Amino acid sequence: MTNPQPDNPKIFADPATMPTYETKRLTVPSAEALIGVPLRCLDKGFVRLVDYMGGDARVVQSARVSYGEGTKTIRDDAALIDYLIRNAHTSPIEQVETVTHWKLPIFVARQIVRTRTASLNEESARYSILGNEFWVPSLEELRAQSSTNKQMSGEVLPRELAEKLLAAIVAEQQSGYTLYEELLRQGLSREVARIVLDAAVYTEWYWKIDAKNLIDTLRLRDDSHAQPQTQAYARAMKEVLRAVAPQVYASADEHVWGAARFGRSERQALADMLDGVECRIEGGARDRFVAKLAIAKPNPLYLPLERIGFADEEVMRLDGHGIRTGGDLVECATRGALRSLFGDTAEDLFRRADAAGLVLRGW
Ligand SMILES: Cc1cc2nc3c(=O)[nH]c(=O)nc-3n(C[C@H](O)[C@H](O)[C@H](O)COP(=O)(O)OP(=O)(O)OC[C@H]3O[C@@H](n4cnc5c(N)ncnc54)[C@H](O)[C@@H]3O)c2cc1C
């Protein structure tokens, strides 16, 4: 039995109200559950899964076309996917597609748009009027220029200075938006009036990418060298991939995001160290080598706060510790961080999550 087509085509703007149909297509329960759920990013943004094609089973199905029935050694589906990713046989991974809807500041969009292997369609500020929504950094996000890395932030600014700068940033955003409205009132076209808005203004887009190129993009963008605000969106996209193709996600986590590339002398040093010989790499090269050996940071944890019955004051405690919350989700917390904040209450929190049937990964 199928639902009738809605009369109003605008209904398609909201995935939660979209009609559903019986399908012969491959579906993935965790992806179906995630469709339409906003994964909060920054103060006002989100990523939500709109649609997907394929999943782990599609990777296996398409891989078996090339490997055929004769390949008896790669019987197990999970092992096959792991083999493909480990050995960069990535064309079956490209068979999985994701379509997501993002709300993001323009300065983040400018970075993500460099991923040429994605297809996107962005809100037109020539056609529609942009909302008065800007990314407003928290005080902890106002940090000094890094003294060691030219493209990164360093120490958190002294609180008094941070408060002064934050007030100036907000005032500038609001005066820009007031002027934007005034220019529109005076009859200036939308395509020119928008030039007075800064790069922190939020935009929206639909973003489509296959799982292979998504894995590569997330390697670059959920990395400590990437801009933290862009990392937030990369982490949300990791959740999307985990829902759509859990085994692809697990193998990418192990062999791509969790991997490091060692040069010839670094491999020699590792071999020497296994033989009990001291590492002979020195200076900056040694620092870079050691950094590669550091275990990657844990995956983020998304807690749907409402579903585990979080009280407001608990949410405030998370905010107060720089763990960003938004709507009904808290992002980027690890089990260890929650434990250090809540002590025994953390165990209660994990129990509540279990009772709600949530799988809290990432610690
Ligand atoms: C931390 C960081 C800092 C960055 N800083 C800057 C910066 O200062 N300035 C700046 O301009 N960009 C910057 N970038 C963007 C970066 O240089 C890449 O353009 C971006 O990450 C996209 O990577 P990609 O080309 O691998 O991905 P995609 O565009 O998705 O391409 C995927 C792959 O397809 C192939 N490919 C795609 N297009 C071409 C092509 N035209 N020719 C040959 N091969 C192609 C390549 O193998 C490529 O790896 C930065 C990125 C990061 C992560």
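The values are calculated or read from the model by the stated rules, or taken from the named source; none is laboratory data. These figures come from a predicted structure and were not determined experimentally. Don't worry about glycine lacking a Cβ; one is built from the backbone with ideal geometry, like all the others, and counts go over all protein chains shown.
Of all the numbered requirements in (1) modelled with pLDDT under 95; (2) surrounded by 14 or more Cβ atoms within 10 Å (Cβ to Cβ), residue 98 misses one, and that requirement is (1).
Among the residues making up the range 31-57, those that are touching a residue at least 40 places away in the same chain (Cβ under 8 Å) and closer than 19 Å to residue 248 by Cα are 31, 33, 34, 49, 51, 52, 53, 54, 55, 56. Residues satisfying the criterion are absent from the range 166-173 (criterion: touching a strand residue (DSSP E or B) at 6+ places or on another chain (Cβ under 8 Å), in the same structural domain as residue 52 (by TED's automatic domain parsing) and surrounded by 13 or more Cβ atoms within 10 Å (Cβ to Cβ)). Total residues in the range 208-255 satisfying the condition of being among the β-branched types (Val, Ile, Thr) and either away from the ligand (no atom under 16 Å from the Cβ) or outside the structural domain of residue 31 (by TED's automatic domain parsing) (or both): the figure is 3.
Residues of the range 181-207 that are within 16 Å of the ligand (Cβ to nearest atom) and surrounded by 17 or more Cβ atoms within 10 Å (Cβ to Cβ): 205, 207. With a requirement of 2 or more residues that are more than 13 Å from the chain's Cα centre (by Cα), of a type in the set (Gly, Ala, Ser) and closer than 18 Å to residue 94 by Cβ, the helices (runs of 4 or more DSSP H) lying completely within the range 207-295 that satisfy it span 246-252.
Looking only at the range 118-126, decide whether some residue is within 24 Å of residue 53 (Cα to Cα), within 14 Å of the ligand (Cβ to nearest atom) and crowded, with 17+ Cβ neighbours inside 10 Å. Yes: one or more hits.
Could you say which residue among 241, 318 is modelled with pLDDT of 85 or more and either on the phi < 0 side of the Ramachandran plot or of a type in the set (Gly, Ala, Ser) (or both)? Reasoning before the result, please.
Numbers: 318 fails: modelled with pLDDT of 85 or more.
That would be 241, the only listed residue that is modelled with pLDDT of 85 or more and either on the phi < 0 side of the Ramachandran plot or of a type in the set (Gly, Ala, Ser) (or both).
The single condition from (1) among the charged types (D, E, K, R); (2) more than 26 Å from residue 56 (Cβ to Cβ); (3) out of contact with any helix residue (DSSP H, G or I) (no Cβ under 6 Å at 6 or more places or on another chain) that residue 266 fails is (3).
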